[in-house]
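Worksheet: the structure to be examined is printed underneath.
No lab work stands behind these numbers, since they all come straight from the coordinates. Because the structure is a prediction, the values reported are computed rather than measured. Because the Cβ atoms are built from the backbone with ideal geometry, glycine has one as well, and the counts that use them run over all protein chains shown.
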Amino acid sequence: MREEENELVIEQIEIGPMANFTYVIGSRSTREVAIVDPAWDIDGLLRHLAERDYKLVAALATHYHPDHIGGGMRGHNIAGVAELLEKSPVKIYAHRHEADGVKKVTDISESDMVRVDSGDTLTIGVVEVEFLHTPGHTPGSQCFRIKNTLVSGDTLFINGCGRVDLPGSDPDEMYHSLQRLKSLPDDTLLLPGHNYSAVPNATLAESKGQNPYLAVKDIDTWRQMMG
Ligand SMILES: [Fe+2]
């Protein structure tokens with residue numbers, strides 16, 4: 001993992017049986033961190049933070065699917081933000097179009113949440129996180145931009161993109177979201193929501209060289225590709 005100026009903390013943690021990635025993002029000097037998509041092993045994640053003397057100040061949700069934030073899935077309950085709040089009460093930051101889905105899936109209450117919009121920022125210690133709305137996989141999917149790093153959830157994988165055949169998915173929206181992400185600087189480091197590729201992270205330039213979903217140049221071609 002790239003760490004800039006020794007101040008930025010970004011840790012990529014693979015967790016759970018669905019190859020999810022959770023991220024710890026924050027500020028080395030103040031020890032304040034946020035956790036992205038906490039799920040599966042909340043005790044283990046909190047232990048990880050305690051061992052490093054990190055203070056959890058926020059939880060960020062890329063989208064409302066239970067493998068990312070906990071909740072019921074195929075008859076099983078996955079630990080997630082609800083269990084996190086019981087042990088470490090922080091606000092859950094979700095996009096305003098995703099917030100109702102987050103509440104429904106996890107049973108947390110409105111007062112546990114902060115509804116954010118694209119372009120909003122959150123400062124964690126001395127590190128700024130920008131929220132980018134990237135609908136398509138779900139209506140309120142969002143990515144987090146920290147300097148030249150992009151936590152891309154289930155919108156953009158190194159060698160693919162999130163499914164757009166699920167309830168709430170919208171293939172056309174995914175096309176436009178990917179076009180916007182494509183315009184970020186080529187040296188942007190992509191940190192996806194799952195370990196689905198040969199490497200766990202890559203630059204946008206590297207992804208463009210191998211990701212067929214980033215190569216599509218117009219919406220008609222995209223629609224044919226997505227069936
Ligand atoms: Fe998802």
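Give me a count of the residues in region 115-132 that are in contact (Cβ under 8 Å) with a residue 40 or more places away in the chain and more than 15 Å from the chain's Cα centre (by Cα).
Total satisfying the criteria: 4.
Can you find even one residue in region 207-216 that is crowded, with 23+ Cβ neighbours inside 10 Å and either touching a residue at least 12 places away in the same chain (Cβ under 8 Å) or under 17 Å from the mean Cα position of the chain (by Cα) (or both)?
Checked region 207-216: at least one residue is crowded, with 23+ Cβ neighbours inside 10 Å and either touching a residue at least 12 places away in the same chain (Cβ under 8 Å) or under 17 Å from the mean Cα position of the chain (by Cα) (or both).
Given the residues His65, His95, His48, which is the only one that is touching a His at 6+ places or on another chain (Cβ under 6 Å), in contact (Cβ under 8 Å) with a residue 12 or more places away in the chain and not polar (S, T, N, Q)?
None of the others qualify; the one that does is His95.
Return the only residue of Ile15, Ile35, Ile42 being within 19 Å of Tyr196 (Cβ to Cβ), in contact (Cβ under 8 Å) with a residue 24 or more places away in the chain and in contact with a helix residue (DSSP H, G or I) (Cβ under 8 Å, 6 or more places away or on another chain).
None of the others qualify; the one that does is Ile15.
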